[in-house]
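What follows is a set of notes on a single structure, which appears directly below.
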Amino acid sequence: MINRKNSCWSTEIKALAQHKHICMSVFKARRVIDQIRGRSYEEALMILELMPYRASYPILKLVYSAAANASNNIGLNKAYLFISEAKVNAGTIVKKLRPRARGRSYPIKRPTCHITIVVRDKSKLFRDNRKIWDKK
């Protein structure tokens, strides 16, 4: 059975940006991503610029990139964009060795994460929903 909503034939207009292998814990990045999910583009930028966390800077650059992809590749207006999806997934764990006393070593685990941000156009989404309601 083919799920048309998630298939490649879907007609939804969206732009995405991904950043992989960020040296950051998944939990620290999720703390920031949860604050901007579902917000408008301008509101997300204001929130990210004022947050005191280290994770906010790479996420801010990623939101800028997703909006630039939407305006350049699809031709959407940045004023009508909102963040429809924002995901943080765990990446590989980089293992290092730290030298210790008497020639021994101590393992260090550096977690990484992958962040995906999807933006959509509010005005086109509203127009499509209105067409559905007018048919009923």
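Here the label points at Y53 and R104, each 7 Å from Cα along the C-beta direction, are separated by 3.5 nm in the simple model.
Taking 0.36 nm per residue of separation and subtracting the Cα-Cα distance, full extension of the segment from E12 to V94 would add 25.8 nm.
If you wrap a convex hull around the alpha carbons of the stretch 14-135, what volume per residue comes out, as a whole number of Å³? Kindly include the intermediate steps, with their values, before the conclusion.
Working: hull volume 13.7 nm³, N = 122.
For the stretch 14-135, the hull spanned by Cα atoms encloses 112 Å³ per residue.
When the C-alpha to C-alpha distance is required to be over 28 Å, the pairs from K14/K95; K78/K109; K28/K96; K28/K95 that qualify are K14/K95; K78/K109. Taking the charge dipole of the stretch 14-135 about its Cα centre, with +1 at Lys and Arg Cβ atoms and -1 at Asp and Glu Cβ atoms, the residue from A70, I83, V94 reaching farthest to the positive side is V94.
The numbers here are math on the coordinates, done by the rules we state, and not lab data. Note that this is a predicted model, so its numbers are computed, not measured. Glycine also receives a Cβ, built like all others from the backbone with ideal geometry; neighbour counts cover every protein chain displayed.
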